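Trainee: One structure coming up, written as structure tokens, with questions to follow.
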Amino acid sequence: MAGLVCAARARELGLQPRVLEKGSRPGGSMLLSSCVIWRHLDFTDFRAECPGGDEALQRLVWERLDEALAWLVSLGAEPVWEDTENPRTTGKRFDPQALTALLARDVELDSPLPDEVEGPLVLATGGFPGRLAAERGLLLRANPWSDGAGLDYATARGAMVTGGLDEFYGRALPAPPARIREEDFVPLSQLYGRWARVYTDDGREITPRSVSWSENDLAQLIGSRAWYVLDDEGLAQARERVDLARAAGGTVVDPGELPFETSAGSRVAVHVAAGVTHTLGGLRVDTRARVEGVDGIYAAGVDAGGVALGGYASGLAQALVLGLVAAEDIAERLQPG
């Protein structure tokens, strides 16, 4: 999303950007998402839920998002929701295919990064979820092309990186042998962990004392395999998603079939694994989206690290705002006055 936004804004500002897409289609992982672009209602909640994040970048996203959403609508984007359904947040939901079609223009597909680029370069490659998932034995819940090429390109030229390179936003998914296609990433997310007891494969209980509303903390916790075990109350909350996991070929069993004991009253056990959507660490940028340590390179979207470290915030909000900021800063540099 970030690259398409940046290019659209750059054209408005009189520039002629060239858009290189590594994959075979535009839209990146936005196209696979529910496409809710949101912010916390209260900035103090943003800080509290992402305590490791860069406060200046967080404030930039938080302060500019409403204006950025209005810009999208002005281009002709039609919201599916005029606001989120979460009392902690505000934002809009769009149809990801329609939004991609609106923003994608003159995109050069199957185009890897060239060795050298003349003029400003905006990296918007979706972070490195593919690399992180492979290194840690996790599932990939993202497009297959976001493998760290942008990060490598910039760091080879002296760019600085943030902390949290091992942190990610993700969801619990049915563990293999479940069949999970790209279009299943949203409906097969096992978002009921707050009602579950959580066990490792060898039967060690790792249920946390509390679970965040996003359940991103559970995705970090469960790693490559775990069991969600539900009692009657939990199953009442989770039944639809449990049924979808079973229908996809996931392992859904009576807890009595597990090779370890579970808590009294357990009714169903679902084998789950963390799926990585995007990384949270990445290139260090300032509030103009300029990558620190190297001149002429910008990072937008989750190629820019350090916004949501320690928690969870909208990656699409980060993509939208930083894409706009990068285009505006480049226009100002190339067209002073």
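The values are calculated or read from the model by the stated rules, or taken from the named source; none is laboratory data. Treat the numbers as computed from the prediction; the structure is a model and nothing was measured. In this analysis, Cβ positions are derived from the backbone assuming ideal geometry, glycine residues included, and neighbour counts consider all displayed protein chains. The area values use the complete protein model at the heavy-atom level, side chains included, leaving out ligands, DNA and RNA. Shrake-Rupley method; radii C 1.70, N 1.55, O 1.52, S 1.80 Å.
Trainee: Full-extension gain between GLU118 and ILE206, please, as 0.36 nm times their residue separation minus the C-alpha to C-alpha distance.
Mentor: Details: separation 88, 0.36 × 88 = 31.68 nm, distance 5.14 nm.
The GLU118-ILE206 span can extend by a further 26.5 nm.
Trainee: Multiply the residue separation of THR155 and GLN335 by 0.36 nm, subtract the distance between their alpha-carbon atoms, and state the gained length in nm to one decimal.
Mentor: Details: separation 180, 0.36 × 180 = 64.80 nm, distance 2.79 nm.
So the extension gain works out to 62.0 nm.
Trainee: Which whole-number value in Å² is the accessible area per residue of the range 1-159, probe 1.4 Å?
Mentor: Numbers: 7660 Å² over 159 residues.
The answer is 48 Å² per residue.
Trainee: Please list, in chain and number order, the residues 5+ apart from LEU123 or on another chain whose amide H is under 5 Å from its amide H, with Hs placed from the backbone.
Mentor: TYR298, ALA299, ALA300
Trainee: Using the beta-carbon distance between ARG288 and TRP81 and R0 = 41 Å, what value does 1/(1 + (r/R0)^6) give for FRET efficiency, to the nearest 0.05? Present the calculation step by step, with values, prior to reporting the outcome.
Mentor: Details: r = 31 Å, r/R0 = 0.75.
E between ARG288 and TRP81, to the nearest 0.05, is 0.85.
Trainee: Can I ask one more? Regarding the range 205-273, what is the average projected area of its C-alpha convex hull, in nm²?
Mentor: Values: hull surface 19.8 nm².
Here the figure is 4.9 nm², rounded to one decimal.
Trainee: Starting from the eigenvalues of the Cα gyration tensor, five times each then square-rooted, give me the equivalent ellipsoid semi-axes of the range 160-214, largest first, whole Å.
Mentor: Result for the range 160-214: semi-axes of 21, 20, 13 Å.
Trainee: With each label point set 7 Å from Cα along the Cα-Cβ vector, what nm distance links ARG25 and GLU240?
Mentor: 2.4
Trainee: Quick one: which of 136-146, 118-128 comes out on top by average Cβ neighbours within 10 Å, and what's the full order, highest first?
Mentor: On the way: 136-146: 21.2, 118-128: 24.0.
Highest mean packing first, the order is 118-128, 136-146.
Trainee: Using only the alpha carbons of the chain, what is the convex hull's orientation-averaged projected area in square nanometres?
Mentor: Working: hull surface 67.5 nm².
With the hull built on Cα positions only, its mean projection is 16.9 nm².
Trainee: Another question, then. Provide the convex hull volume over Cα atoms per residue for the range 247-337, in Å³. Spell out each step's value before the answer.
Mentor: Details: hull volume 15.1 nm³, N = 91.
Spelled out: Cα convex hull of the range 247-337, divided by residues, is 166 Å³.
Trainee: Between SER34 and ALA247, how high is the FRET efficiency from 1/(1 + (r/R0)^6) when r is the Cβ-Cβ distance and R₀ = 25 Å? Nearest 0.05. Mind showing how you got there, number by number?
Mentor: Numbers: r = 20 Å, r/R0 = 0.80.
Result of the calculation: an efficiency of 0.80.
Trainee: Put +1 on the Cβ of each Lys and Arg and -1 on the Cβ of each Asp and Glu in the range 261-328; which of GLY315, VAL285, ALA269 then has its Cα farthest toward the positive end of the dipole?
Mentor: Ranked along the dipole, the leading option is ALA269.
Trainee: Tell me which residues come under 5 Å, amide H to amide H, from ALA178 once H is placed; ignore anything under 5 positions away on its chain.
Mentor: THR251
Trainee: What does the charge count around GLN97 come to, taking other residues whose C-beta lies under 15 Å from its C-beta (Lys +1, Arg +1, Asp -1, Glu -1)? Provide the component values of the computation, followed by the final result.
Mentor: Details: positive: ARG25, ARG93; negative: GLU78, ASP95, GLU182, GLU183.
Once all neighbours under 15 Å are counted, the net charge is -2.
Trainee: Something else: Using only helices, what value at 222 nm comes out for the chain when you add -39,500 (n - 2.57) per DSSP H run of length 4 or more and divide by the total residues, to the nearest 500 deg cm²/dmol? Present the calculation step by step, with values, prior to reporting the outcome.
Mentor: On the way: 9 runs with 105 residues, N = 337.
That comes out to -9500 deg cm²/dmol.
Trainee: Where the centroid of each part is defined by its Cα atoms, how far is the range 187-201 from the range 244-294 in Å?
Mentor: 8
Trainee: Something else now. For a protection proxy built on the mean count of beta-carbon atoms within 10 angstrom, sort 287-293, 86-92 highest first, please. Mind dumping the intermediate values first?
Mentor: Working: 287-293: 20.4, 86-92: 16.7.
Highest to lowest by the protection proxy: 287-293, 86-92.
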